[in-house]
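Peer 1: Please see the structure below; I have some questions.
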Amino acid sequence: MKKIFILTAILAASLIMTSCNTFYDFDDPYYSLPEASTETLQTTMYTPEQLAERSKRLAEINKMPYPEYTLDFGDEFEIRVYNQPEMHTTTAVTPDGLISMPFIDDKLHVAGLTIPEATKKIEEALGDYIITPKVSLIPLNLKSQTASISGAVNRGGSYAVTKNTRLFDMYAMAEGGATRFINGKTLDNWDFAHSTITRNGELLPIDFALAIEQQDPDNNIQIFKGDRIFIASRAEKMVNITGEVAAPQFQMWNPTLGLLQAVSNCGGLKDQSNGTAIIIRGGMDNPQYFKADAKKIFEGRKLDVLLQPGDTVYFPKDSLSVWNVYISKLMPTGAFINMLITPFFWYNSFKNN
């Protein structure tokens, strides 16, 4: 009779354990999450319609003809008059758009004119003194033909631009992105994802990472006079590593920070971790979830996953750890079944029968 009871208990314990395994296999809250990879993590906050509109606008920007030069404040010129060496002079455009030269009592307004237009205006003004004057207007220093770059760069300021100047060239003129020295490490301080360029008050839809890091022709646009480039600062861009790691913490982000390094910085995974990393990206307004097999990454069987500023990486407990917590909260029947499966109980039961 006692043997029958023991066999019944074994069957009951087996059924419960099987149910437990089934529960965790099919009720895994992370089961349906997409696998983290270079492709899946390249998510966007834009709708397909917005992306199409962005591509259209980018194509329009690249088709824009480079503006013809017009004289402006600060530009310096040499003026030569054919067969009239005494009239040779250098002059600069004043803040109110004027230039001056010998024999012209009233200063000439030339701001906004092209070089041919300004040359013709000077010749007309000299016509009262010289028969059919021939004038050459030679640029010396076109201070007005500048664009500015500021923010997280080493040498922000205004730089002269021509039709051959592109975004990457401006970044190079500014001697690249600034760095910071934190916790014994030199870290990049720029943030291309939030950098901007404005033209005539319009924010242009430029991907700075593609433009500067890859010199993508669509995004590495021509820079026009007056363009304003702002390289955003990374400030305190961080990632949050939490859950079943030895030392949960916030870490300073850098472009090479991957899951492997982030976990190593935390002292590794706890024994209770199931080795799955849940990556939460996009902030609390629009969170997106991905899973990565951290154990396979650590073993070199899968490629590492690069993290982004603001990512939260959560390592949940493994199923056995969760089951042990579940067992501890069962009714006494559960405690009894747990006792039944101990080797000491079985040894004594069969010994006495």
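Peer 1: Just the residues that are touching a strand residue (DSSP E or B) at 6+ places or on another chain (Cβ under 6 Å) and more than 30 Å from Asn265 (Cβ to Cβ), please, taken from segment 167-202.
Peer 2: Matches in segment 167-202: Met170, Met173, Ala174, Thr196, Ile197, Thr198.
Peer 1: Taking segment 54-108 only, how many residues are in a loop (DSSP other than H, G, I, E, B) and hydroxyl-bearing (Ser, Thr, Tyr)?
Peer 2: 6
Peer 1: Condition first: among the small types (Gly, Ala, Ser) and modelled with pLDDT of 90 or more. Now tell me which residues in segment 204-259 satisfy that.
Peer 2: Ala209, Ala211, Gly226, Ala246, Ala247, Gly258
Peer 1: Any idea which residue in segment 205-247 is farthest from Gly157 (Cα to Cα), counting only those that are part of a loop (DSSP other than H, G, I, E, B) and polar (S, T, N, Q)?
Peer 2: The extreme case among them is Gln214.
Peer 1: Is at least one residue of segment 147-167 over 16 Å from Phe224 (Cβ atoms) and of a type in the set (S, T, N, Q)?
Peer 2: yes
Peer 1: Say we look at segment 193-218 and pick out the residues that are hydroxyl-bearing (Ser, Thr, Tyr) and over 11 Å from the mean Cα position of the chain (by Cα); which of these is surrounded by the fewest Cβ atoms within 10 Å (Cβ to Cβ)?
Peer 2: Thr198
Peer 1: Also, I was wondering about something else. Got a number for residues in segment 93-114 being surrounded by fewer than 17 Cβ atoms within 10 Å (Cβ to Cβ) and within 55 Å of the chain's Cα centre (by Cα)?
Peer 2: 11
The values are calculated or read from the model by the stated rules, or taken from the named source; none is laboratory data. In this text, all values refer to a predicted model and were calculated from it rather than measured experimentally. As a convention, Cβ positions derive from the backbone with ideal geometry for all residues, glycine included, and neighbour counts pool all protein chains shown.
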